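Beneath this line is the structure, given in structure tokens, with notes to follow.
Since every read-out is calculated from the coordinates, none of them should be taken as a lab result. What you see is a predicted model; the values in this text were computed from it and never measured. Heads up, the Cβs are rebuilt from the backbone with ideal geometry, glycines too, and the neighbour counts pull from every protein chain shown.
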Amino acid sequence: MTELSGSRVLVIGASGGLGSRIARRLADAGAILALSGRDAARLDALDVQAERIVADLRSESGSASVVAEAESRLGGLDAVVIASGVVAFGPASELDPDTATELFAVNALSPIDTIRAALPALTRSAGEGRKPVVVRISGIVAEAPTAGLAAYSASKSALAAFMVAAGRENRRAGIRLLDARPGHTETGLVTRAIAGAAPAFPAGLDPDRVADVIVEAIASDARDLPSSAF
């Protein structure tokens, strides 16, 4: 994908099941990468040539610091891929307030803050004649809120709504905001729930296929990736 060659990309959640796959594909396409995550060992284990930034984006000024560090190390910023997230299971009647807070902090507020922090750098990228883009994986629950996943669905839906509105606001500036909404994908996230236990899901999507679709969309100037795209 020559369209991505030389693009300066920050991947957040790069050590996760989808983030790592997306990072490898971007590297193979010639992108220049900064990879961010909370676990230094897992970042170091990735077989990808990249700058590595260990950070917890839920901390005060965490998002702004990571974006600034990535822009400094890469000499600019043309794309941000946000692949971080947490999940929780259980009925709404049993939802613990701390679980809801964690879901919204990681799945909605942190990505929103990251996008806000990245907009000046992406505006500079557009001014250089590049095609800046933000990609966030909200998932199918943003289209079809699911019983047993009420708070998780709400956190993802909040971010999806933000992406639509912010995308309209920044279209004239030349910044593309792309929301990806794949169905249940076999990344192992359901085994790491912060609360509750996952039901017996049918077999999920192949994460390699999902990563392929997302990277192809980045390169092809797509503006939306609904569940039907996967």
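Per-residue ellipticity at 222 nm, computed for the chain from helices alone with -39500 (n - 2.57) per DSSP H run of at least four residues, works out to -12500 deg cm²/dmol.
Please work out whether segment 1-79 counts as rounded, prolate or oblate from its C-alpha gyration tensor, where a ≥ b ≥ c are the square roots of the eigenvalues and a/c under 1.5 means rounded, while otherwise a/b larger than b/c means prolate and anything else oblate? Present the calculation step by step, with values, prior to reporting the outcome.
Details: a/c = 2.14, a/b = 1.27, b/c = 1.68.
In terms of gyration-tensor shape, oblate.
The Cα-based radius of gyration and maximum Cα-Cα distance (Dmax) for the chain are 16.5, 51 Å. Residues considered: Gly196, Gly19, Gly204. Largest GNM mean-square fluctuation over the chain, using C-alpha springs under 10 Å, is found at Gly204. Cα centroid separation, segment 41-69 to segment 173-211: 21 Å.
By how many degrees, 0 to 90 and rounded to 10, does the Cα axis of helix 110-127 deviate from the longest principal axis of the chain? It works out to around 20 degrees.
Just add up the charged neighbours of Lys156: K/R +1, D/E -1, any other residue whose Cβ is under 11 Å from the Cβ of Lys156. Spell out each step's value before the answer.
Details: positive: Arg136, Arg181; negative: Glu143, Asp179.
For residues surrounding Lys156, the net value is 0.
Suppose every K and R has +1 on its Cβ and every D and E has -1 on its Cβ; what is the size of the dipole of the chain about the Cα centre, in Debye to the nearest 20? Before the final figure, lay out the partial values.
Values: 23 positive and 27 negative charges, 114 e Å.
So the dipole magnitude of the chain works out to roughly 540 debye.
To the nearest 10 degrees, how steep is helix 150-170 against the longest Cα principal axis of the chain, on a 0 to 90 scale? Tilt of helix 150-170: around 30 degrees. Between Arg124 and Asp212, the modelled labels are 3.7 nm apart [label points 7 Å from Cα along Cα→Cβ].
Starting from 0.36 nm per residue, how many nanometres of slack lie between Ala197 and Ala55 once their C-alpha separation is accounted for?
Numbers: separation 142, 0.36 × 142 = 51.12 nm, distance 2.77 nm.
Computed gain between Ala197 and Ala55 is 48.3 nm.
Taking other residues whose beta carbon is less than 10 angstrom from the beta carbon of Ala34, and scoring Lys, Arg as +1 and Asp, Glu as -1, yields 0. Computed over the chain with a Gaussian network model linking Cα atoms closer than 10 Å, the most mobile of Arg38, Arg130, Arg172 is Arg172.
So how many Å³ per residue does the convex hull of the Cα atoms of segment 111-230 work out to?
Working: hull volume 13.1 nm³, N = 120.
Enclosed volume per residue, from the Cα hull, is 109 Å³.
Of the residues Ala195, Ala126, Ala45, the one that moves most in a GNM of the chain with alpha-carbon contacts below 10 Å is Ala45.
Summarising the amide proton neighbourhood of Val81: residues at separation of 5 or more, or on other chains, whose placed amide H is nearer than 5 Å comprise Leu10, Val11, Ile12, Val135.
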